[in-house]
Amino acid sequence: FQSIAPLGFTCLYKLAAIFGIEPFAFNKILPLFLGLLTSGYCFGICWEIIPIPTAAFFSSLFLNINLWLMDSLSSGTPRSFVYPIFMAFIYYLLKRSLIPCLLTIILQAQFYPQTIFVSIILLLLQLVTWKQQQLLLIKNNLFLVFSSLSIALISLFIYAPSSSKFAP
């Protein structure tokens, strides 16, 4: 598993080991923090879309129920990082914050690179809008989208050649 684990994931567990935290103990406490981070970003996303506290609370609550019923968040594997990092990406994309958006794309590449493809599609959708039955280009999003796309593609090209040390 170490031969195919993403770099950010292995570095996080190595950092925990440097501080004297056993990997199995770290694996048990990590999902709690990931769940709290995911809930916070979910609340923020809903607040950006509809600024109603009840709606944001219940959306976070329903997301938490769904996440903790599945085993992907509680496993402490690289897939656990999909939810908080992707929620952070959506939140910063809604806020049109360039630097945090770029940082979340880099984190996606370091923890679960497959989510970059979904982020790329969301970024490309930021370029167009549908008005009066016409597809129009939105020019004020160009810098955010193209800088994020370039970071995403660079991250993918860095991650793509890395492969397992072991034969198939």
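Could you list all residues from the stretch 128-152 that are hydrophobic (A, V, I, L, M, F, W, C) and either touching a Phe, Trp or Tyr at 6+ places or on another chain (Cβ under 9 Å) or open to solvent by 80 Å² or more (accessible area, probe 1.4 Å) (or both)? Before you say what the answer is, go through the steps one by one.
Filtering the stretch 128-152 for residues hydrophobic (A, V, I, L, M, F, W, C) gives 128, 130, 135-138, 142-146, 149, 151-152.
If the condition is that a residue be hydrophobic (A, V, I, L, M, F, W, C) and either touching a Phe, Trp or Tyr at 6+ places or on another chain (Cβ under 9 Å) or open to solvent by 80 Å² or more (accessible area, probe 1.4 Å) (or both), then Trp130, Leu135, Leu136, Leu137, Phe143, Phe146, Ala152 are the ones that fit.
How many residues, within the stretch 37-58, are within 26 Å of Thr10 (Cα to Cα), without any contact (Cβ under 8 Å) to a residue 40 or more places away in the chain and surrounded by 17 or more Cβ atoms within 10 Å (Cβ to Cβ)?
Within the stretch 37-58, residues that are within 26 Å of Thr10 (Cα to Cα), without any contact (Cβ under 8 Å) to a residue 40 or more places away in the chain and surrounded by 17 or more Cβ atoms within 10 Å (Cβ to Cβ) number 1.
Filter the stretch 3-36 down to the residues that are among the aliphatic types (A, V, I, L, M), within 21 Å of Thr115 (Cα to Cα), surrounded by 16 or more Cβ atoms within 10 Å (Cβ to Cβ) and in contact with a helix residue (DSSP H, G or I) (Cβ under 6 Å, 6 or more places away or on another chain) and list them by number. Break it down into steps so the answer makes sense when it comes.
Our first condition is that a residue be among the aliphatic types (A, V, I, L, M); within the stretch 3-36, this holds for 4-5, 7, 12, 15-18, 21, 25, 29-30, 32, 34, 36.
Narrowing further to those that are within 21 Å of Thr115 (Cα to Cα): 4-5, 7, 12, 30, 34, 36.
Of the ones still in play, those that are also surrounded by 16 or more Cβ atoms within 10 Å (Cβ to Cβ) are 12, 30, 34.
If the condition is that a residue be among the aliphatic types (A, V, I, L, M), within 21 Å of Thr115 (Cα to Cα), surrounded by 16 or more Cβ atoms within 10 Å (Cβ to Cβ) and in contact with a helix residue (DSSP H, G or I) (Cβ under 6 Å, 6 or more places away or on another chain), then Leu34 is the only one that fits.
Pro84 passes all but one of (1) under 26 Å from Pro23 (Cβ atoms); (2) in contact with a Leu (Cβ under 8 Å, 6 or more places away or on another chain); (3) open to solvent by 50 Å² or more (accessible area, probe 1.4 Å); (4) not small (Gly, Ala, Ser); which number fails?
(3)
Would the stretch 90-111 turn up any residue that is hydroxyl-bearing (Ser, Thr, Tyr) and either open to solvent by 80 Å² or more (accessible area, probe 1.4 Å) or in contact (Cβ under 8 Å) with a residue 60 or more places away in the chain (or both)?
In the first step, residues of the stretch 90-111 are kept if they are hydroxyl-bearing (Ser, Thr, Tyr); the result is 91-92, 97, 104.
Among the residues that remain, those that are also either open to solvent by 80 Å² or more (accessible area, probe 1.4 Å) or in contact (Cβ under 8 Å) with a residue 60 or more places away in the chain (or both) are: none.
There is no residue in the stretch 90-111 that is hydroxyl-bearing (Ser, Thr, Tyr) and either open to solvent by 80 Å² or more (accessible area, probe 1.4 Å) or in contact (Cβ under 8 Å) with a residue 60 or more places away in the chain (or both).
Among the helices (runs of 4 or more DSSP H) lying completely within the stretch 56-168, list those that include at least 1 residues that are more than 24 Å from Gly35 (Cβ to Cβ).
Numbers: elements: 82-95, 98-111, 115-125, 142-159.
Where helices (runs of 4 or more DSSP H) fall fully within the stretch 56-168 and carry at least 1 residues being more than 24 Å from Gly35 (Cβ to Cβ), they are 98-111, 115-125, 142-159.
Could you please give the count of residues in the stretch 74-89 that are in contact (Cβ under 8 Å) with a residue 40 or more places away in the chain and over 20 Å from Lys14 (Cα atoms)?
Result for the stretch 74-89: 4.
Condition test on Ile105, is it of a type in the set (A, V, I, L, M, F, W, C) and modelled with pLDDT of 85 or more?
On the way: of a type in the set (A, V, I, L, M, F, W, C): yes; modelled with pLDDT of 85 or more: yes.
The answer is yes for Ile105.
The values are calculated or read from the model by the stated rules, or taken from the named source; none is laboratory data. None of these values were measured; they are calculated from a predicted model. No Cβ is skipped: glycine too gets one built from the backbone with ideal geometry, and neighbour counts run over all protein chains shown. Heads up: the accessible areas ignore ligands, DNA and RNA and are worked out on the full protein's heavy atoms, side chains in. Shrake-Rupley method; radii C 1.70, N 1.55, O 1.52, S 1.80 Å.
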